[in-house]
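The values are calculated or read from the model by the stated rules, or taken from the named source; none is laboratory data. In this text the structure is predicted, and so the values were computed from the model without any measurement. FYI the Cβ positions are ideal-geometry reconstructions off the backbone, even for glycines, and counts take in every protein chain you see.
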Amino acid sequence: EQTRELPMKTAIQALILITSGVVFTGCGNPALRYVGLYSGTGTMTMSFDSSSGQQSGTRQLAGNVNLREGVSSDLVYDDSECQIPFNMDDADSASLVPGASCTGSADGATATLTYTNGFIRFDEKIVTVTLNATVTVTKNGATVVGTMTEDLTLTRLTK
């Protein structure tokens, strides 16, 4: 019986191809499968100390949300007003990247949301999002601080 030896270059190339498949199979951003446009509904609750003069309450939310690949995070939750970075915890959940904030103005007031925690849970077709933040509202030189919680359900519209 005759055995044929592979030239060293061929053996090395084969080894590289085999290990490349193993190495690259698990690589990449796990969030990419969730990137797309979603329709969202839910609630936002803001709470302020009653002596602050700022009204607490809950309001209904509805609109579109874009989940896109992040540059310095795995995923960005983008509702066109705020872009909030998340990193994947595992294949089906992501956590807010600490330090995210968002500022907007309306009716002569400026509000800054500084996100304290949040998570996204992915299911087959439904995505749930919970966001918690400290709210700082400034109007007419006065500043009031409170809290905000958003609970949303997202349904995928496009990839």
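Scanning region 134-158 for residues that are surrounded by fewer than 16 Cβ atoms within 10 Å (Cβ to Cβ), of a type in the set (A, V, I, L, M, F, W, C) and over 17 Å from G104 (Cβ atoms) yields A142, L157.
Take the conditions (1) closer than 18 Å to R121 by Cα; (2) outside any strand (DSSP E or B); A94 misses just one of them, which is (2). L131 fulfils the conditions (1) touching an Asp or Glu at 6+ places or on another chain (Cβ under 9 Å); (2) at pLDDT below 95 except for a single criterion, (2). Entry remark, region 36-90: residues being surrounded by 15 or more Cβ atoms within 10 Å (Cβ to Cβ), out of contact with any helix residue (DSSP H, G or I) (no Cβ under 9 Å at 6 or more places or on another chain) and part of a loop (DSSP other than H, G, I, E, B) number 3 in total. Here the condition is being at pLDDT 90 or above and more than 12 Å from the chain's Cα centre (by Cα); of G53, G63, G70, G26, it holds for G63 alone. Residues in region 77-89 that are more than 18 Å from T41 (Cα to Cα) and either without any contact (Cβ under 8 Å) to a residue 40 or more places away in the chain or of a type in the set (G, A, S) (or both): 3 in all. Residues in region 91-119 that are under 29 Å from G53 (Cβ atoms), exposed (fewer than 15 other Cβ atoms within 10 Å of the Cβ) and hydrophobic (A, V, I, L, M, F, W, C): A106, A109.
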